[in-house]
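Notes for the one structure printed next.
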Amino acid sequence: MTRPLVIVIADDHAMVRGMLKRRLDAEPDMTVAAAVSNADEALTAVLRLNPDILLMDIEMPGSDSFGAARTIRERCPDTRIIFLSAFFHDRYIEQALAVQAWGYVTKSEPEDSVIRAIRKVAAGLAYFSPQIQARIVVDSAGATLAHPQRSRVSTLTHRELEVLRYIARGMAKKEMARTMHISANTVNRHTTNLMTKLDIHDRVELARYAIREGLADA
Amino acid sequence: MNVVVGLATVVQYAAAILALRVLRITGRDPTWLLIAAVAFLMAIRRSIVLYRSLSHDAAHPPDMAGEWVGLAISVLMLVGVARIGPFFLSILRSKEELRKRSDALAKRVKELNCLYGMANLVEQPDSSLKRILQGTVALIPDAWPRPELTCARIKLKEQSYGTTNFEETRQCLACDIVARGEPVGAVEVGHLADRLETDEGPFTEEERKLIKAIAGRLGRIIERTQVEEERAILQDQLHQAHKMEAVGQLAAGVAHDFSNLLTVIRGHTDRATTLLADESQAHKELQWIQEATHQAAELTRGLLTFSRKLPTEKKPIDLRTVVRESERLLHRVLPAATELEVDIACEAPLWVNADQTQLQQVVLNLAVNARDAMPEGGTIRITLSPASETDVDDLPDTLDTAGRTARLTVADSGVGMTPEVQSRIFEPFYTTKTRGQGTGLGLSIVHGVVKDHGGRIEVQSEVGEGTTLTIVLPCIEAGPTPETAEPSTIVPQGAGELILLAEDDSHVRAIIASTLESLGYEVVQAEDGLALLDAFEQHRDTVRLFLFDADLPERSGPDCLRQIRQEAVGTPALMISGDVSLDPNELDDQTVLLRKPFGMPELAEAVAHALAADRPRGKQP
């Protein structure tokens, strides 16, 4: 008899976690080694247990799930990650592919989808919905999502991004210039450029945009 | 002797006349009356003595010493009157001046009391404009010389505040109240009796200045009140807007938690369903729960989509989808008495370059406004159609459109709007709804979104007839490009053909393998060249296609292919490579180069094409 698949579940909702654990434990070829509530605990559990599959929710409080996934991929490459999410979101899928997740299951799919996904992934196949699968592109760097929606943020240069972050923190131009070791005129130029690129011409709106894009804390 | 008496008489008369003059100037002052009387009596006496002296009356012989004394007294009297008279007069004039000044001061005090009283009215903690105006009207009469005969009235737009007897006024002084450069009313002061007409008219310059000062002060009070009222309204609306934003965020959070709870409910229901016999009543009950859960999940998904705060991302979308999605959400927010009719008058897609969430928000906002305009219920009609050519002409020339436009209308049979309301509905914070019912931001957001999408919005409304809002948006030529297309699936076309897949990147291999399996093919995976050759050994009789990366570890793809070709001459192969220098002509006839990057639809097509090309020859081991 083959060894059952060792699975770690990470979901901040105790009921979802409990239900998944009960459901997966009921499968003869699966065993849930740990059910944790955040990405940090998931990382610890994976490093300790070296499971076959990590079933991880994307929207969890605390550390970023994708950051944890990246670390797991480096330090525990045998563990295959399947992401769980409340809904389809291109940015999530792009990031999931970037960290080489093997699957992406939404919570609105039937419960059996999770079991099917785990079995497929364990068998060396990826599990993405047919809609996502049709949009995956293979290139030299790996798999990505076809022509992902380009956020306007991606059009900003490194320096412009930095200025945007400082604007969101409410820093004055002179203060930015001192911090970045550049002249106030250069700060002005970066500000003008990023305003043009983002088509936002108000510092308050810029700050709000930065917070919304996750570039600064609210 | 006669000379002395004559001189004394003349001097005495002079003293008497001077005393009379002083008496007249002093306004018959009793002291001077007495002095003048004494002086005249003495002058008469002197005249009698002079007469006797001239007629040589023997009965009254002249008294030379007495006449000299009389002359001295007359001279003294004249000098005394001449010296004391002006002094006395100057005192009297000073008194008069003082009295006049005192009167003027009293008037100024009364005026200032009036203005001070107004200032006090403003400072009152419960001072409303109405109280200030009423208080001012009560203060005005006291600032005039005859308060009992003075009445006042302040008119402000349609309101009028006056003393009770104002209508009986015989003479009236008025001054406009000006606020923010516009006359908003007037202050009027009336007199119940005719006043003495002077050069200045019945009212003095001071009175005109006072009424002007009152009107000016009232103008400033009204301006300040208006500003304060506007600020209070704006603060209220801003607060409401913040509250709504918070509610939106809360809704998103709740929707997320609901989604998780629904996952649990559905999970357990699914599990319970499998444990029960299909025909049992409990099984049916569970199916109903499943159905309800499904609907709840759909609703939650809509809420999540709607309340997501994502930056604007325009892409080609079919307007029909926007309307259909909105219809789905609207059915849940409309009361039973409100009927929703949706008419999509076009079979072909109406492509616009737009942010779907924003356009959905536009439709929902308009429909919710329509709902609110029909408190007793009615019909909301949403119509979508290609627009006429005239609609195109009105759009900005710079738009990169196909010359076609789409027309979206939301009509209601509600209370309608007056022209004045219509002219203001797109102003931020303008609302006709009661406090707490609306932020006044909805239509301004709609206007902003429509403008941002290069379109325009029109309103047609009549009171009691309902309102129709029409949005015209520029269409784009083509449908979505592949980069923005809505996710579609790849149609399965395999029939269980075996494909040997060799790719060293396990993640990529898994994705390709799962795609091929979902297309109906059977896949055997190999992680390097040697594994590919091993797999070929095992499946040489059944393999229909080789799909491998050119750059495989252990043995390269071309090396493997050379070895494979020694036995499987005609089996088609797809070599994956990102190397642009690789010349496809160097490959054998049965091998096709699949260049990276490639999408899964391209892969599916390449595989299907390769297998189809091989089919006429039949299976070749």
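The values are calculated or read from the model by the stated rules, or taken from the named source; none is laboratory data. If you're wondering where the values come from, they're calculated on a predicted model, not measured in any experiment. Heads up, the Cβs are rebuilt from the backbone with ideal geometry, glycines too, and the neighbour counts pull from every protein chain shown.
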Can you name every residue in region B:1-21 that is surrounded by fewer than 21 Cβ atoms within 10 Å (Cβ to Cβ) and not in a loop (DSSP other than H, G, I, E, B)? B:2, B:3, B:4, B:6, B:7, B:10, B:13, B:14, B:17, B:18, B:20, B:21
Here is a check on your reading of the model: is residue A:82 in contact with a strand residue (DSSP E or B) (Cβ under 8 Å, 6 or more places away or on another chain), within 25 Å of residue B:271 (Cα to Cα) and away from chain B (no Cβ under 11 Å)? yes
Tally the residues that are at pLDDT 80 or above and either in contact with a Cys (Cβ under 6 Å, 6 or more places away or on another chain) or of a type in the set (Gly, Ala, Ser) (or both), restricting the search to region A:153-200. 4
Pairs please, first residue from region B:516-527 and closer than 14 Å to residue B:601 by Cα, second anywhere and assigned to a strand (DSSP E or B), Cβ atoms under 9 Å, 6+ apart in sequence or on different chains. B:516/B:499; B:516/B:501; B:516/B:522; B:516/B:523; B:516/B:547; B:517/B:523
Residue B:544 being more than 18 Å from residue B:494 (Cβ to Cβ), basic (Lys, Arg) and assigned by TED's automatic domain parsing to the domain that holds residue B:511: no
Among strands (runs of 3 or more DSSP E) entirely inside region B:492-578, those with 1 or more residues being surrounded by fewer than 19 Cβ atoms within 10 Å (Cβ to Cβ) and within 14 Å of another protein chain (Cβ to nearest Cβ) are B:522-526
Inside region B:579-601, the number of residues satisfying the requirement of being within 14 Å of another protein chain (Cβ to nearest Cβ) and assigned to a helix (DSSP H, G or I) is 2
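Here's the yes/no breakdown for (1) of a type in the set (A, V, I, L, M); (2) part of a loop (DSSP other than H, G, I, E, B); (3) at the interface with chain B (Cβ under 7 Å from one of its Cβ atoms); (4) surrounded by 16 or more Cβ atoms within 10 Å (Cβ to Cβ):
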position	(1), (2), (3), (4)
A:67	no, no, no, no
A:77	no, yes, no, no
A:87	no, yes, yes, yes
A:97	yes, no, no, yes
A:114	yes, no, no, yes
A:118	yes, no, no, yes
A:131	no, no, yes, no
A:137	yes, no, yes, yes
Out of the residues in region A:33-65 meeting the condition of being part of a helix (DSSP H, G or I) and among the small types (Gly, Ala, Ser), tell me which one is nearest to residue A:95 (Cα to Cα). A:65
Per the filter on region B:250-293, residues of a type in the set (Gly, Ala, Ser) and either in a helix (DSSP H, G or I) or buried (at least 19 other Cβ atoms within 10 Å of the Cβ) (or both) are B:251, B:252, B:253, B:255, B:259, B:267, B:272, B:282, B:292
Out of B:198, B:163, B:169, which single residue is at pLDDT 80 or above and of a type in the set (S, T, N, Q)? B:163
Kindly evaluate residue A:20 against the criterion of being more than 11 Å from every other protein chain (Cβ to nearest Cβ) and either farther than 18 Å from residue B:263 by Cβ or surrounded by 15 or more Cβ atoms within 10 Å (Cβ to Cβ) (or both). no
Across (1) within 14 Å of chain B (Cβ to nearest Cβ); (2) charged (D, E, K, R); (3) more than 24 Å from residue B:268 (Cβ to Cβ), residue A:3 clears everything bar (1)
Let me confirm something: among B:28, B:24, which residue is at pLDDT below 90 and part of a helix (DSSP H, G or I)? B:24
Out of region A:164-189, which residues are more than 14 Å from chain B (Cβ to nearest Cβ) and within 15 Å of residue A:152 (Cα to Cα)? A:165
Can you find a residue in region B:126-140 that is of a type in the set (Ser, Thr, Tyr) and touching a Cys at 6+ places or on another chain (Cβ under 9 Å)? yes
Is it true that residue A:215 is modelled with pLDDT under 85, part of a helix (DSSP H, G or I), within 14 Å of chain B (Cβ to nearest Cβ) and under 24 Å from residue A:91 (Cβ atoms)? no
Where residues in region B:53-98 are outside any helix (DSSP H, G or I) and aliphatic (A, V, I, L, M), which of them is surrounded by the fewest Cβ atoms within 10 Å (Cβ to Cβ)? B:59
